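Trainee: Please read through the structure below; I'll follow up with questions.
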Amino acid sequence: MFKVVEMFESINGEGYKAGQLAYFVRFQGCNMNCVYCDTKWANKKDAPYQLMSAQDIVSKVNEAHIKNVTLTGGEPMLQEEIEELIRLLYENGHEVEIETNGSIDISSYDHCDYRPSFTLDYKCPDSGMEKFVDVMNYDHIQEKDTIKFVCSSRIDLKKAYEIIEKYALNKKAHVYLSPVFGKIDPQEMVAFMLEKNMNDVNLQLQMHKFIWDPEERGV
Ligand SMILES: C[S@@+](CC[C@H](N)C(=O)[O-])C[C@H]1O[C@@H](n2cnc3c(N)ncnc32)[C@H](O)[C@@H]1O
Ligand SMILES: Nc1nc2[nH]cc(C(=O)O)c2c(=O)[nH]1
Ligand code: SF4
Ligand SMILES: [Mg+2]
């Protein structure tokens, strides 16, 4: 069973499918506590959730007639039956994207025919969670995956640059830099990208926070 804190339809505000319609399923609980987390409410043990089976979730998703499904949280990879849910969504014709914090091994999906696209965060120094990132995952990323660096300072940007270079991430997958909302001027990020000649790297602002109130849930 899954602990679901919210389900909603919107446009995806992040990732390589930003701007496309997506159906979001947000799960309760996280094994990290990033300084900047915009869903701390969902991580709390006492966050109200609905207990749903994979079939319950898929039935609800199907009603929306939306192809793209984003599994997020909290940390979706902590849900024990997540692989079963991904398979069922795939069998129902959905394209599945998982937003994950990068601490959980994705290697079991290497040869799976319903492999989702992973958006893996590299948690930068200012998040306070960098030590939990599992860089072994970079041996298992594929072209349709995304590695994302959410930055709030030049220190974070420098670390993002080092990690992208060290693991040649921009040759293997999509790479995104995104500001911690309101904490760094995106102009500074562009200046840094120019300074380091960061080709094949995308800057992205969380689109939904410009369309709706940045504090609003379910959008
Ligand atoms: C809320 S997390 C949930 C999924 C997973 N736990 C993770 O961290 O990837 C989804 C995405 O939102 C990003 N995020 C969280 N708070 C943010 C903020 N204040 N500004 C920008 N991005 C943020 C995270 O870095 C992550 O890429
Ligand atoms: N519109 C919208 N797009 C998103 N893309 C990733 C989200 C997330 O919280 O993981 C998110 C979200 O919360 N809302
Ligand atoms: S890993 Fe994701 S959900 Fe967990 S605290 Fe960090 S940003 Fe929030
Ligand atoms: Mg979000």
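The values are calculated or read from the model by the stated rules, or taken from the named source; none is laboratory data. In this text, all values refer to a predicted model and were calculated from it rather than measured experimentally. Ideal geometry is used to build each Cβ from the backbone, glycine not excepted, and the neighbour counts take in all protein chains shown. Protein only, heavy atoms only, side chains kept; ligands, DNA and RNA dropped before computing areas. Shrake-Rupley method; radii C 1.70, N 1.55, O 1.52, S 1.80 Å.
Trainee: Would you list the helices (runs of 4 or more DSSP H) that sit entirely within region 123-219 and hold 1 or more residues that are in contact (Cβ under 8 Å) with a residue 40 or more places away in the chain and within 12 Å of ligand 1 (Cβ to nearest atom)?
Mentor: 208-211
Trainee: With G29, G102, G13 as the choices, which residue is closer than 30 Å to Y138 by Cβ and either touching a His at 6+ places or on another chain (Cβ under 6 Å) or modelled with pLDDT under 95 (or both)?
Mentor: Result: G13 is the single residue among G29, G102, G13 that is closer than 30 Å to Y138 by Cβ and either touching a His at 6+ places or on another chain (Cβ under 6 Å) or modelled with pLDDT under 95 (or both).
To keep it simple, each residue is scored yes or no on (1) buried (at least 16 other Cβ atoms within 10 Å of the Cβ); (2) in contact (Cβ under 8 Å) with a residue 24 or more places away in the chain.
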position	(1), (2)
C37	yes, no
A64	no, yes
L78	yes, yes
E91	no, no
S103	yes, yes
H111	no, no
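Trainee: Here's a follow-up. So, in region 39-85, exactly how many residues are more than 15 Å from ligand 1 (Cβ to nearest atom) and part of a helix (DSSP H, G or I)?
Mentor: 13
Trainee: So, one more: I'd like to verify a number: residues in region 17-35 that are open to solvent by 80 Å² or more (accessible area, probe 1.4 Å) and under 18 Å from N101 (Cα atoms), how many?
Mentor: Going through region 17-35 one residue at a time, the tally reaches 2.
Trainee: Given the structure, is L21 out of contact with any Leu (no Cβ under 8 Å at 6 or more places or on another chain), away from ligand 3 (no atom under 16 Å from the Cβ) and within 19 Å of E216 (Cβ to Cβ)?
Mentor: For L21, the condition - out of contact with any Leu (no Cβ under 8 Å at 6 or more places or on another chain), away from ligand 3 (no atom under 16 Å from the Cβ) and within 19 Å of E216 (Cβ to Cβ) - is met.
Trainee: Across region 136-157, what is the number of residues that are more than 16 Å from M77 (Cβ to Cβ) and aliphatic (A, V, I, L, M)?
Mentor: The qualifying residues number 3.
Trainee: Can you pull out every residue in region 130-151 that is hydrophobic (A, V, I, L, M, F, W, C) and crowded, with 21+ Cβ neighbours inside 10 Å?
Mentor: Those that are hydrophobic (A, V, I, L, M, F, W, C) and crowded, with 21+ Cβ neighbours inside 10 Å: I147, F149, V150, C151.
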